[in-house]
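*Asks:* Got a structure for you, questions after.
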Number of protein chains: 2
Amino acid sequence: MTVERNDTKNKILDIAEGFIVKGGYNAFSFRDIADAVGIKSASVHYHYPTKGDLVSAVMGRYTRDFSELLPNPNDDKFDPKMLLDGFIKGFKDKVVDQRDMSLCTMLTSNKAILPESVGAELAAFYQLILDWLSQVFVRLDPINKDSGLILASQLLACLHGASILVQGTNQSEFFDHALSEWRSRYL
Amino acid sequence: MTVERNDTKNKILDIAEGFIVKGGYNAFSFRDIADAVGIKSASVHYHYPTKGDLVSAVMGRYTRDFSELLPNPNDDKFDPKMLLDGFIKGFKDKVVDQRDMSLCTMLTSNKAILPESVGAELAAFYQLILDWLSQVFVRLDPINKDSGLILASQLLACLHGASILVQGTNQSEFFDHALSEWRSRYL
DNA sequence: TATATTCTATCTATCACTAGGTAGGTAGAA
DNA sequence: TTCTACCTACCTAGTGATAGATAGAATATA
């Protein structure tokens, strides 16, 4: 496990993630990635034999990074409102500042045509996020786990939808508009 | 203008819409459409010279159909709550019953890689929908047009996001969960 | 009315190009 | 010497798109 090995492998993932976020599963090729990395397409296949392998590696890393980034929702030293606010801010960064859709939104819209391995990684991501948000909501309000999940799905839908709206209208104000009710209720 | 002529043209649009809704702009080919219609791909090009022409025709028809379907939001014989409920129901039909994403959600997620002509059709659709919803909200509450637009964008984001959530988790309950707050507030 | 012309909707065949993927080779590091 | 990370060269199967032909319907003209 030299440093170089991981560098190329990660660079491929970085660039693939950028392409996916821009146009989805079918909007890039091994050659696109090879050109961007500065190697040949056969070498990309060396690291990730099939496109499914590549994209599920991208999604897997995304989930792993997320799970490391998210604080323990039950740790008393974190205020739940702050956790929620941080989550929303992270999303907004992607959608408004970088004018990208989230990897998750993008791949979900492609779900019907994805290899099964990518679908599994996506499901794991939703599990992680919904679970985390549920726990935050349970701490925020004296509610049970089921109600926490409902609130979690409301917020997550709102965020996904806001990013669609920003992308579709080219007006980033819509992100804050779409979330204003949410903010005034919980933050 | 024989009947037959329009039949093929519309059949192509029907089938193209189905493919787009399933996998987006890059997930189908002229041959896929030709096979489904029962003609050759060259004949599809005869009706719609380029892929951009084809997809913007699909989106254009979608917008036209929508604008004919939506009742006049200022007509006193329609209760605004009923208008809103009908709109949400229509969306739910697509997302939950047919397990599809809306054409609009799908193409928006592909926006960065779409030909400019399709982007223009998409923008026209957002204009139509946001305008219609705004007017309904203005009738529902004694608010100004700006507040109406904000509520419109909140609902539209919620609907888009709910469809993403359903697609991503494979659990259609999330549609109603994501909209429950909305429903209890306005319906 | 009969003939000539044009148009429509399709075909076959092909273009240049790109897709994902593979076989086999090679320089250098372990 | 074996392994890693790359290469060149290639394959098959498509991609969007075009050229040129044709049967039949519609239209214009003699």
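Laboratory data are not the source of any read-out in this text; all were calculated from the coordinates shown. As the structure is a computational prediction, the values presented were derived from the model and not from experiment. Methodologically, a virtual Cβ is constructed for each residue, glycine included, from the backbone with ideal geometry; neighbour enumeration extends over all protein chains shown.
*Asks:* Determine the relative contact order of region B:81-187: mean sequence separation of Cα pairs under 8 Å and six or more apart, normalised by residue count, in whole percent.
*Replies:* 28 percent
*Asks:* Quick one: plug the Kirkwood hydrodynamic radius of region B:122-161 (C-alpha pairs) into Stokes-Einstein at 37 °C, 0.692 mPa s, and report D in µm²/s. Could you put the intermediate results ahead of the total?
*Replies:* Working: Rh = 10.0 Å.
Taking Rh from Cα pairs, D becomes 329 µm²/s.
*Asks:* With contacts defined as alpha carbon pairs under 8 Å and 6 or more residues apart, what's the relative contact order of chain A in percent?
*Replies:* With pairs under 8 Å counted, the relative contact order is 21 percent.
*Asks:* Any idea what the dipole of region A:51-186 comes to, in debye rounded to 20, about its Cα centre with Lys/Arg Cβ at +1 and Asp/Glu Cβ at -1?
*Replies:* With only Lys, Arg, Asp and Glu charged at Cβ, the dipole is about 120 debye.
*Asks:* Moving on. What range in chain B is the longest one free of trypsin sites (Lys or Arg not before Pro) that are in a loop by DSSP and have at most 15 other Cβ atoms within 10 angstrom?
*Replies:* Counting only loop sites that pass the neighbour cut-off, the longest clear stretch is B:100-187.
*Asks:* Quick one: what Rg and Dmax do you get for the protein assembly as shown from the alpha carbons, in Å?
*Replies:* For the protein assembly as shown, the Cα-based Rg and Dmax read 21.7, 73 Å.
*Asks:* Here's another thing I want to ask about it. Compare the Cα positions of A:F137, B:G52, A:S172 along the charge dipole of the protein assembly as shown (+1 at Cβ of Lys, Arg; -1 at Cβ of Asp, Glu; about the Cα centre) and return the one farthest towards the positive end.
*Replies:* Final value for the positive-end residue is B:G52.
*Asks:* Roughly how big is the protein assembly as shown's charge dipole about its Cα centre, with Cβ charges of +1 (Lys, Arg) and -1 (Asp, Glu), in debye to the nearest 20?
*Replies:* So the magnitude is around 500 debye.
*Asks:* Shifting gears a bit: So, in Å, what gap is there between the alpha-carbon centers of region B:89-114 and region A:8-66?
*Replies:* Cα centroid to Cα centroid, the span is 26 Å.
*Asks:* Note down the magnitude of the dipole of region B:1-72 about its Cα centre, charges +1 on Lys and Arg C-beta and -1 on Asp and Glu C-beta and zero elsewhere, to the nearest 20 debye.
*Replies:* Approximately 160 debye in magnitude.
*Asks:* Now, a different point. Could you tell me the ratio Rg/Rh of region A:1-149? Both radii from Cα atoms, Rh via Kirkwood. Write out the running numbers ahead of the final one.
*Replies:* Values: Rg = 17.5 Å, Rh = 16.9 Å.
Taking Rg over the Kirkwood Rh, I get 1.04.
*Asks:* Over all directions, the average projected area of the alpha-carbon convex hull for region A:17-103 comes to how many nm²?
*Replies:* The orientation-averaged projected area of the Cα hull of region A:17-103 comes to 6.8 nm².
*Asks:* So what is the calculated 222 nm ellipticity per residue for the protein assembly as shown, using -39500 (n - 2.57) for each DSSP H run with n of 4 or more, over all residues, to the nearest 500 deg cm²/dmol?
*Replies:* -24500 deg cm²/dmol
*Asks:* Express the C-alpha Rg of region B:93-187 as a ratio against the empirical globular expectation 2.2 N^0.38 Å, rounded to two decimals.
*Replies:* Numbers: Rg = 14.6 Å, N = 95, 2.2 N^0.38 = 12.4 Å.
Cα Rg divided by the expected 2.2 N^0.38 Å: 1.17.
*Asks:* Could I ask something else about it? No solvent, one uniform scatterer per C-alpha: report log10 I(q)/I(0) for region B:14-68 via the Debye equation at q = 0.21 1/Å, two decimals.
*Replies:* -0.76
*Asks:* Just tell me which lysines come within less than 25 Å, Cα to Cα, of A:K81; anything on the same chain fewer than 8 places away is out.
*Replies:* Filter leaves A:K89, A:K92, A:K94, A:K145.
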